[in-house]
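Data block below; observations after.
The values are calculated or read from the model by the stated rules, or taken from the named source; none is laboratory data. Note that the structure is predicted; figures quoted are calculated from it, not measured. With ideal geometry, Cβ positions are generated from the backbone for all residues, glycine too; neighbour counts draw on all protein chains shown.
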Amino acid sequence: MSRHYKRVGLISLPTFLSLWRERTGRYMDLFGVRAKMGSLRYDVFANNASCVKCGITGTFMALEKSYGQKTDSFHFNLYAVLPSGQERLMTKDHIIPRSKGGSDGIENLQTMCTKCNGKKADKLEEKHVTAQTSNTGVL
Ligand SMILES: [Zn+2]
């Protein structure tokens, strides 16, 4: 259970995907709340529910809302369950970061768990520093 989200319900990924594919609008009433059904993340997870780095697979969707979020609607987050029983949030990752001109299109998005996504961010930070150094050399 994430500390940052208010959670109202859980459904398996296959059940979510059939609901999502049959949706008639942007929102659905589920678990007594308004659930957002239109999100590019769902397209990414429908294509591949496994982390491209470590391979863990998201198995269920939790209908959640960030604490302090102004909107009254909830959205689904994909989670994998680790052998320890701990949950890990899955995210959509930009293959080419937005800061490097990468698009928000589905072709530039992939599924990554929060742990691997965190590591990737660190690496990009290192690369960024290297790039700045070499740019200085060129100038
Ligand atoms: Zn991972």
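Modelled with pLDDT under 95, in contact with a strand residue (DSSP E or B) (Cβ under 8 Å, 6 or more places away or on another chain) and either within 15 Å of the ligand (Cβ to nearest atom) or not in a helix (DSSP H, G or I) (or both), is that true of Lys120? Judged against the criteria, Lys120 is a match.
For segment 37-58, the tally of residues that are surrounded by 17 or more Cβ atoms within 10 Å (Cβ to Cβ) and over 27 Å from Gly85 (Cβ atoms) stands at 1. Within segment 31-59, residues that are more than 16 Å from Asp72 (Cβ to Cβ) have Cβ atoms under 6 Å from residues that are among the charged types (D, E, K, R) and at pLDDT 95 or above in these pairs: Arg41/Lys92; Val44/Lys92, counting only partners at least 6 apart in sequence or on another chain. Filter segment 10-69 for residues that are small (Gly, Ala, Ser) and in contact with a Lys or Arg (Cβ under 6 Å, 6 or more places away or on another chain); which is farthest from the ligand (Cβ to nearest atom)? Restricting to residues being small (Gly, Ala, Ser) and in contact with a Lys or Arg (Cβ under 6 Å, 6 or more places away or on another chain), the top hit is Gly38.
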